[in-house]
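K.L.:
Input: one structure, supplied below.
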Amino acid sequence: MSMVRRIQTGLFVFLLVASVAMAVVLWQLRERAHERLLAGQDSAPTQAPVISAEERATLLVANDADSSMQPRELTLPLPQDDGSRARVILGKLLDLYALPDAAHPVAGGAAGIGQVFLLPAENLNGPVAGSVRSVGPAEASLAAARGATAGSLATGIKGGTVARTADGGPQLAVVDLTSAFVASHPSGIAAETLTVQSICATLHANLPRVTQVRFLVDGQQRATLAGHADLTRTYLASDAGPTEGTNP
Amino acid sequence: MVLDAAHGGDDGGGKFGSLLEKDLTLALSVRLRSLLAARGFAVVTTRESDVAVAAERRAEIANHAAAQACVSIHATQTGSGVHMFVSSLAPQDPGRIAAWKTAQSAWVTRSLALEGVLNSALLQAGMNVTLGRTALPGLDSMVCPSVAFEFAPRGVAKGERPTTALDDAEYQAKLAEALAAGLLAWQAEGREP
């Protein structure tokens, strides 16, 4: 009996010592990993933060009551890069639509704009005929690749915005919406068309070189915005100016 | 005449409380088909029940029918009254070979004329009408005078809040009557020398 008790006591002491030893080893490994992590980071500030200057922007704001769009001037801190500017301006437009008393209510706000790519429009297949033009499913992606690598003075895709061209030619804006924004968008031809047109018109009003606009959702082509407005088309931004409703 | 009740089957379209767009469009299509048949029109519908019909198939049905007019019926909770749309494709020479996705471009001028006639009929019936251009799958492939007809809750006047529910039988009957009158006027216009 006492033999068994001695063995149990010995086993308990052994396990206790092993547990303490493992805890010590794990603590030391954690400390070493933490030190390696800190050593790999350079926390010294090497670049001063850029504070964007406030500039005037024109938003073409949709109104469901009479299916019209009205220009609205705002002063916003805008980055110098055109792609970033487009993203900030469209974000502000969607913020207005997310307000409780919005005339064209759409939930989501600025988070609905994933990215905005600006590409040379002439890189696409020839001149655009008509208000909208058919483009194959992979063409936007191909154009994005071409614009980022072959566009004159293209700066490459980084940080959610891109590709500035310095040739002064017309540009194609590829607006990447988020699936959350699309999922919460009201269904209907009028509502969806107004959203598309106000985005196109706002882009053209602030970046006049943007003459064509295409839409992606989470980086992928999608058939419609919320069951109606065709998102497989290339829209002519210059056609989507302010409108008056045609109610009697 | 071709009547295209939008959505159907798995594609419910918009959801407005307990109402589904596919049911509202079918109800108005059936009602309008009866009115037009009673007036002697040959009517082709893209669906007569709750079945899914692809946008391409809808355009195929319309194009095979060689119709005098195609009306794609939609419903929405946004805005008020009636929204009518014609394809945003730029008008093109009818003599050119049409691409499938832009076939409507040769008919845009006639579609705008149809929209004008239907607008007059709806205004005469006291409806609040908004006109516009849109890029709508199916509509852009139709080779006939085509409009997308979207009805919202009825607004009494511009700027007022919508009052009548989308599934109100009296409202739908009034819409169908006005559309039928408009299509009758369109047919009469087509017969004029």
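K.L.:
When the residues of the range B:42-68 are filtered to those that are under 26 Å from B:D168 (Cα atoms) and of a type outside the set (S, T, N, Q), which remaining residue is surrounded by the most Cβ atoms within 10 Å (Cβ to Cβ)? Steps first, please.
P.N.:
Taking the range B:42-68 first, the residues under 26 Å from B:D168 (Cα atoms) are B:43-53.
Checking the rest, the ones that are also of a type outside the set (S, T, N, Q) come to B:43-44, B:47-48, B:50-53.
Working: B:V43: 18, B:V44: 17, B:R47: 22, B:E48: 13, B:D50: 15, B:V51: 12, B:A52: 12, B:V53: 19.
Residue satisfying both the conditions and the ranking: B:R47.
K.L.:
Ok, one more. Taking the range B:142-158 as the search range and keeping residues that are outside any loop (DSSP other than H, G, I, E, B) and modelled with pLDDT under 95, which one is farthest from the other protein chains (Cβ to nearest Cβ)?
P.N.:
So, considering only residues that are outside any loop (DSSP other than H, G, I, E, B) and modelled with pLDDT under 95, the one farthest from the other protein chains (Cβ to nearest Cβ) is B:R154.
K.L.:
I'm told B:F85 meets every condition in (1) of a type in the set (F, W, Y); (2) over 13 Å from the mean Cα position of the chain (by Cα); (3) within 14 Å of chain A (Cβ to nearest Cβ) except one. Can you identify the failing condition by its number?
P.N.:
Among (1) of a type in the set (F, W, Y); (2) over 13 Å from the mean Cα position of the chain (by Cα); (3) within 14 Å of chain A (Cβ to nearest Cβ), B:F85 violates only (2).
K.L.:
Confirm whether B:A37 is in contact with a Cys (Cβ under 9 Å, 6 or more places away or on another chain) and over 17 Å from B:A152 (Cβ atoms).
P.N.:
In short, no.
K.L.:
For the range B:123-141, which residues satisfy the criterion of being in a helix (DSSP H, G or I), more than 15 Å from the chain's Cα centre (by Cα) and either free of Cβ contacts under 8 Å to residues at least 40 places away in the same chain or at the interface with chain A (Cβ under 10 Å from one of its Cβ atoms) (or both)?
P.N.:
Correct list: B:L123 only.
K.L.:
Among the listed residues A:A23, A:A18, A:A44, identify the single one that is loosely packed, with under 10 Cβ neighbours inside 10 Å and either within 14 Å of another protein chain (Cβ to nearest Cβ) or among the small types (G, A, S) (or both).
P.N.:
The conditions single out A:A44.
The values are calculated or read from the model by the stated rules, or taken from the named source; none is laboratory data. Computed from a predicted model, the values in this text were never measured in an experiment. Reconstructed Cβ throughout: ideal geometry from the backbone, glycine too, with neighbour counts over all protein chains shown.
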